[in-house]
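Undergrad: Below are the structure tokens for one structure; questions will follow.
The values are calculated or read from the model by the stated rules, or taken from the named source; none is laboratory data. Since this is a predicted model, take the numbers as computed values, not measurements. Quick reminder, even Gly has a Cβ in these numbers, built from the backbone with ideal geometry, and neighbours come from all protein chains shown.
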């Protein structure tokens, strides 16, 4: 028993290792990996994105200060320039904002909020939009008409108004003690709702084209259920434009969040996001305290650039037609 | 075709009704207009009386009903802030917004599409990569920041920069308003005066930047796909010239998503114009609407939303019609599915 | 150019008497154009349509009241040359003779009586003034008695902004009532047209775009201004407005953000013009409810305890706010009124010291050694750097263990939440106030009195001391200035001792002016073209 069992275990383990190795080998042999390593731009983009996401996730460990801890910020430290300029302070590498928060730490903590809101709302919009777009384009007829007219209604309302509505409704419905915690949901819903139409209409257009093609009709003839046709055959063919829109939307989501926060339906002023930091810092652009807005702006630009380059690469690499 | 349009128009009425319904349900949450309409010493009783006089105490459905009854008679009410008929106010503002949107859309299309084609054809070219990267930086900064930076460079610092250089590198451009306008009937245009044209530059660039990037990237991505299709390979094999293949076949096939998005973007240019108009004090509908939100000017908000709803309905109708023109497969399909001609 | 101008004048836009155009053209050689920008436009040309500082200040360029004020706010004759309290409840005004309205009609007692009637009309927002005047009685063509319900020692102080309209013109154009917001009448004539007696006349008006004024050649006063044409443009965004000033597109812009002063000082040809505004910024507590709406403390209201309020007061480092947020330009205050306000007493204006240890001790004594959580309501587009002040207060209070959840919103949302119509839905808030009468009674009545009998309508936290409320009534009718001051002092002293509110400071006025022009700045932030000279 013992020997045999051991041998069996060994064999199983060896098999598992082999399979795992196989997976790795297949991955490293794959076009995906090759196209990844072939382009230094993509590698750098991936590293930048990883670094930013990592910094955001582990903000408390990395950031030199906790800018959201009100007791630790001192108004007397306000508007200190970056450390290499006259009047810089070694405690604050990139200087401080008008309230005395360390810019570097606030960028790291703020990126956390911005990325959270950005990814969540884009994902929400994408799932909703692609789903409705597929239904609309593939099924056509009444379903199409209803979904597209809802989209028309949706388009009319800017994110600002949707946010006001959702915020107002939830404040009216929820008990007062919860009012401080609803902002994340409000932001994601409001931004997501104002974005989905773009996906839906783009996907619908492509889905209408695809469903006329022979392979889809063939699939239909042999009795493949519509849902499966949509997921298997139509969806992969519309992902290109969807990814373009999604990567760009990430940037808009972050900015929209800043606008909404100004209206009082977003993040509290005492825990600024990247977008809020840029918006508030804007007021100091003329006064010479450029670092309050330029550094967070640069951080956002770099992040968006990296995500977009990655998105480009992923789209090209995953597209069967482009291999 | 005509039946299709008629049906769509009927649906549009439903859309407008829904827009109005949602609009009135959210006005409660935008704030209280009365405090912006009276001075600080106005007593609570007088405020309450005004609120009641304006019908703000009624349920939103009642307010909506009242609005509808008047709206179908062409009366959109009186702006709380301007104390003038809303229809008159909006008519005054429409030309400014449309001219700005038109210039921005033209910029976005005439720069975005060629750049998209170029970057699609020369995928790994240095110039392509530069276009892509630079355009991304443009969209990853918020509109308000881009606007302010343009104002800073072309309004505030241009004199200093030129003085330091000894020659005019950065022209000084108008940073607010429309410049001089000419009245053509009820339409006021800035296209016919020098100051009017100059005033268009900064806001239209700000507004176009985002759309341009989107269009360029979309055209590129579609070009890439289409160029790999068998259809194009056959065309090349048949010995057609590059130019004929690229523009005659490839570009034409990329147009469906591009038209969808561009059509949508025309709508969203008007929406994006909100921030641009605000930054450059451009006296269009967007500025009017943002002020209306700030001051809770309900009649203006309601009329604006209905109008924008109408715009979207019309734009989307045109986009759908364009599909037919551009892509014959859709036409055949639609005829079968819809059962009409 | 001619084409443009002709084009611009159209339905809805206003062109005054042709004489104005001829005058401006005639002086072409010495044309002195003055261009200025403010953050918003006036809402109406109707002088009885909206009780709001900017609108009223703008209208005072072309309309006038019975009295007027010098740039340092001293009362001086306006359309009345003199006035006296002939009986405790009767003020007699002697009117200026030979004054004409812009359309040539002459000014007399009938116009004053008509205007009193007009501010009582349905759409009027000047009812505050209207309620002061029980009756206007014509004594002769150039003498009018204004009768009050009860003695009102400060009536003339309140009348600068009560502007006189021409009876004949108003009747001719069917505008005998003030511009009504509820638009049953499709546009009141006086909303877009003006016919006053003031030193300037409206030449062209495109709401929200530009308004052009020209001097009134027949003005009765001594014209100090050499401006031949004045062009007003509203520019909403701070940065755009400041840029327009620096680039020379406008000669004067206000308000400019305090943080941009340095930029204006460094730039060629422009400089900031600053002064102390009469607006006091303060914090208020909900002291009325038995349990706060937004707080971690349940079952009781910590703000009912004076020690808690004082702890909050002493935890705030007002000098840091002044230095860092207001660029040194605020005036820290212990009174709810500014030095320019009638009734201000410097002896009562010393603040309690900033003392974190004392604040902690007070809080512990009150039973909150570890502090508590409370939500603070704050506007973010109403007062100078309002949101930043709130953030600073939040971080200062964090040092004594009080955790502030800050809810900063636009003014429309903020006021909709905290004011009476929403049941004073706040626990802790920031507010600013300028008494429109420039008299302490307005503040004592609206903010410091108990919420009874129409008093305390802006006492959002419900601070209530019966003696203060009683004093408010006494002050209102006391005609002896010395006794009146003693009563005001008593009310202020009680309020300060009990820490009814936490006064912070008077905010600065912040204008940006080109070196090519000189202007006069009033402490109420009104700007008048009559004091402008172009160099």
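Undergrad: Anything in segment A:67-109 that is touching a helix residue (DSSP H, G or I) at 6+ places or on another chain (Cβ under 6 Å) and away from every other protein chain (no Cβ under 14 Å)? List them, or say none.
TA: The answer is A:82, A:93, A:94, A:95, A:103, A:107, A:108, A:109.
Undergrad: Follow-up question, since we're still on this one. Would you point out the residue of segment C:211-240, among those that are facing chain B (nearest Cβ under 8 Å) and in contact with a strand residue (DSSP E or B) (Cβ under 8 Å, 6 or more places away or on another chain), that is surrounded by the most Cβ atoms within 10 Å (Cβ to Cβ)?
TA: C:235
Undergrad: Does at least one position in segment C:463-484 carry a residue that is within 20 Å of the chain's Cα centre (by Cα) and not in a helix (DSSP H, G or I)?
TA: No, segment C:463-484 contains no residue that is within 20 Å of the chain's Cα centre (by Cα) and not in a helix (DSSP H, G or I).
Undergrad: OK, next. For residue B:56, work out the one condition from (1) more than 7 Å from every other protein chain (Cβ to nearest Cβ); (2) buried (at least 18 other Cβ atoms within 10 Å of the Cβ); (3) part of a helix (DSSP H, G or I) it doesn't fulfil.
TA: Evaluating residue B:56 over (1) more than 7 Å from every other protein chain (Cβ to nearest Cβ); (2) buried (at least 18 other Cβ atoms within 10 Å of the Cβ); (3) part of a helix (DSSP H, G or I) leaves (3) as the failure.
Undergrad: Taking the stated definitions as given, is residue C:34 in a strand (DSSP E or B) and buried (at least 22 other Cβ atoms within 10 Å of the Cβ)?
TA: Yes.
Undergrad: In a helix (DSSP H, G or I), surrounded by fewer than 21 Cβ atoms within 10 Å (Cβ to Cβ) and either in contact with a strand residue (DSSP E or B) (Cβ under 8 Å, 6 or more places away or on another chain) or at negative phi (or both): is that true of residue B:88 in this structure?
TA: For residue B:88, the condition - in a helix (DSSP H, G or I), surrounded by fewer than 21 Cβ atoms within 10 Å (Cβ to Cβ) and either in contact with a strand residue (DSSP E or B) (Cβ under 8 Å, 6 or more places away or on another chain) or at negative phi (or both) - is met.
Undergrad: Please work out if residue C:354 is within 14 Å of chain A (Cβ to nearest Cβ) and over 18 Å from residue B:36 (Cβ atoms).
TA: Against the criterion (within 14 Å of chain A (Cβ to nearest Cβ) and over 18 Å from residue B:36 (Cβ atoms)), residue C:354 qualifies.
Undergrad: Another question, then. For residue C:377, are the conditions met, namely being within 13 Å of chain A (Cβ to nearest Cβ), assigned to a loop (DSSP other than H, G, I, E, B) and either modelled with pLDDT under 90 or touching a helix residue (DSSP H, G or I) at 6+ places or on another chain (Cβ under 6 Å) (or both)?
TA: no
Undergrad: Could you please find all residues in segment C:454-478 being farther than 24 Å from residue C:85 by Cβ, without any contact (Cβ under 8 Å) to a residue 60 or more places away in the chain, surrounded by 17 or more Cβ atoms within 10 Å (Cβ to Cβ) and away from every other protein chain (no Cβ under 14 Å)?
TA: Selection gives C:465, C:468, C:469.
Undergrad: Sticking with this structure for a sec: With A:177, A:167, A:152 as the choices, which residue is farther than 30 Å from residue C:374 by Cβ and part of a helix (DSSP H, G or I)?
TA: Exactly one of A:177, A:167, A:152 is farther than 30 Å from residue C:374 by Cβ and part of a helix (DSSP H, G or I), namely A:152.
Undergrad: If you don't mind, there's one more thing I want to ask. How many of the residues in segment C:266-284 are out of contact with any strand residue (DSSP E or B) (no Cβ under 6 Å at 6 or more places or on another chain) and farther than 14 Å from residue C:246 by Cα?
TA: 1
Undergrad: Right, here's the next one. Hand me the list of helices (runs of 4 or more DSSP H) wholly inside segment A:209-323 holding 2 or more residues that are away from chain C (no Cβ under 14 Å) and within 18 Å of the chain's Cα centre (by Cα).
TA: A:235-263, A:274-282, A:291-318
Undergrad: Let me ask you something else. Identify all residues within segment B:214-231 that are over 15 Å from residue B:122 (Cβ atoms), more than 10 Å from chain A (Cβ to nearest Cβ) and at pLDDT 75 or above; write none if there are none.
TA: B:215
Undergrad: If you don't mind, another one. Within the group B:86, B:6, which residue is under 30 Å from the mean Cα position of the chain (by Cα) and over 20 Å from residue C:123 (Cα atoms)?
TA: B:6
Undergrad: Quickly run through segment C:241-262 and pick out the residues that are surrounded by 23 or more Cβ atoms within 10 Å (Cβ to Cβ), touching a helix residue (DSSP H, G or I) at 6+ places or on another chain (Cβ under 7 Å) and facing another protein chain (nearest Cβ under 8 Å).
TA: C:242, C:243, C:246, C:260
Undergrad: Continuing with this model, one more query. Which of the residues belonging to segment C:444-453 are more than 11 Å from chain B (Cβ to nearest Cβ) and buried (at least 20 other Cβ atoms within 10 Å of the Cβ)?
TA: Listed by number, the residues that qualify are C:444, C:448, C:449.
Undergrad: For the condition in contact with a helix residue (DSSP H, G or I) (Cβ under 8 Å, 6 or more places away or on another chain), at pLDDT 80 or above, over 30 Å from residue C:246 (Cα atoms) and not in a helix (DSSP H, G or I), what is the one hit in B:211, B:183?
TA: After ruling out the rest, the residue left standing is B:183.
Undergrad: Give just the number: which of (1) closer than 30 Å to residue C:210 by Cα; (2) outside any loop (DSSP other than H, G, I, E, B) does residue C:256 not satisfy?
TA: If we test residue C:256 against (1) closer than 30 Å to residue C:210 by Cα; (2) outside any loop (DSSP other than H, G, I, E, B), just (2) comes out false.
Undergrad: Of all residues in segment C:106-149, which are closer than 21 Å to residue C:87 by Cβ and in a helix (DSSP H, G or I)?
TA: C:109, C:112, C:113, C:116, C:129, C:130
Undergrad: Could you say which residue among A:242, A:304 is in contact with a helix residue (DSSP H, G or I) (Cβ under 8 Å, 6 or more places away or on another chain), under 16 Å from residue A:119 (Cα atoms) and at pLDDT below 80?
TA: Criteria check complete, one pass: A:304.
Undergrad: Taking the condition more than 18 Å from the chain's Cα centre (by Cα) and under 16 Å from residue B:97 (Cβ atoms), does residue B:196 pass?
TA: Criteria met by residue B:196.
Quick grid of which residues meet (1) modelled with pLDDT under 95; (2) within 27 Å of the chain's Cα centre (by Cα); (3) surrounded by 14 or more Cβ atoms within 10 Å (Cβ to Cβ):
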site	(1), (2), (3)
C:73	yes, yes, yes
C:76	yes, yes, no
C:87	yes, no, no
C:94	no, no, yes
C:98	yes, no, no
C:104	yes, no, no
C:112	no, yes, yes
C:119	yes, yes, yes
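Undergrad: What pairs come out if I take residues in segment B:1-20 that are at the interface with chain A (Cβ under 10 Å from one of its Cβ atoms) and within 19 Å of residue A:140 (Cα to Cα) and pair them with residues that are at pLDDT 85 or above and surrounded by 16 or more Cβ atoms within 10 Å (Cβ to Cβ) whose C-beta lies under 6 Å away, six or more apart or interchain?
TA: Partner pairs satisfying both residue conditions: B:11/A:149; B:15/A:149; B:15/A:153.
Undergrad: So, residue A:209, is that one more than 30 Å from residue A:296 (Cβ to Cβ), without any contact (Cβ under 8 Å) to a residue 12 or more places away in the chain and crowded, with 19+ Cβ neighbours inside 10 Å or not?
TA: For residue A:209, the condition - more than 30 Å from residue A:296 (Cβ to Cβ), without any contact (Cβ under 8 Å) to a residue 12 or more places away in the chain and crowded, with 19+ Cβ neighbours inside 10 Å - is met.
Undergrad: Is it fair to say residue C:335 is modelled with pLDDT of 95 or more, closer than 19 Å to residue C:319 by Cβ and not in a helix (DSSP H, G or I)?
TA: Criteria met by residue C:335.
Undergrad: Among (1) over 23 Å from the mean Cα position of the chain (by Cα); (2) crowded, with 22+ Cβ neighbours inside 10 Å; (3) farther than 13 Å from residue B:296 by Cβ, there is one condition residue B:43 misses while meeting the rest; what is its number?
TA: Checking residue B:43 against (1) over 23 Å from the mean Cα position of the chain (by Cα); (2) crowded, with 22+ Cβ neighbours inside 10 Å; (3) farther than 13 Å from residue B:296 by Cβ, the one that fails is (2).
Undergrad: Consider segment C:311-332. How many of its residues are in a helix (DSSP H, G or I), crowded, with 20+ Cβ neighbours inside 10 Å and out of contact with any strand residue (DSSP E or B) (no Cβ under 9 Å at 6 or more places or on another chain)?
TA: Total meeting the criteria: 5.
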